[in-house]
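Quick note: the coordinates plus some simple rules give every number you see, no bench work behind them. The structure presented is a predicted model; accordingly, all values stated were derived computationally and were not measured. A quick note on method: Cβ atoms are made from the backbone with ideal geometry, for glycine too, and the neighbour counts reach across all protein chains shown.
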Amino acid sequence: MSIVKSSKGHDKLLLEGYSYRRANKSQRIWRCSRNDCAGRVAFDGDQYNKITEHVHAPNPEATISAEFKSK
């Protein structure tokens, strides 16, 4: 799990092969970065809990490259 900056300067959560963006500037809810996916996770202060399942498989290669690009 890590939070990196996107190319536009927004926070991006990388978790278990998926990438998420903040949902409506929420500090708690993150939604999948893919527009066609309803995957969501919630942060409860200690851990991230899955709210909605993804409609696609995880892509660990993309999350690894996003980590390197943000550095």
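A few points about this structure:
- Packing-based ranking, highest mean first, of 31-40, 5-14 given that Cβ atoms within 10 Å are counted: 31-40, 5-14
- Since only G17, H54, W30 are under comparison, the one whose Cα sits farthest along the positive direction of the charge dipole of the chain, derived from C-beta charges on Lys, Arg, Asp and Glu, is W30.
- Per the Debye calculation on the chain with a single equal scatterer at every Cα and no solvent contribution, log₁₀ I(q)/I(0) for q = 0.13, 0.14, 0.18, 0.24 Å⁻¹ amounts to -0.32, -0.38, -0.64, -1.15.
- For region 2-70, the dipole from Cβ point charges (+1 on Lys and Arg, -1 on Asp and Glu) about the Cα centre works out to 400 debye, to the nearest 20.
- Net +/- balance of residues flanking F43 in space, Cβ distance below 13 Å, scoring K and R +1, D and E -1: +2
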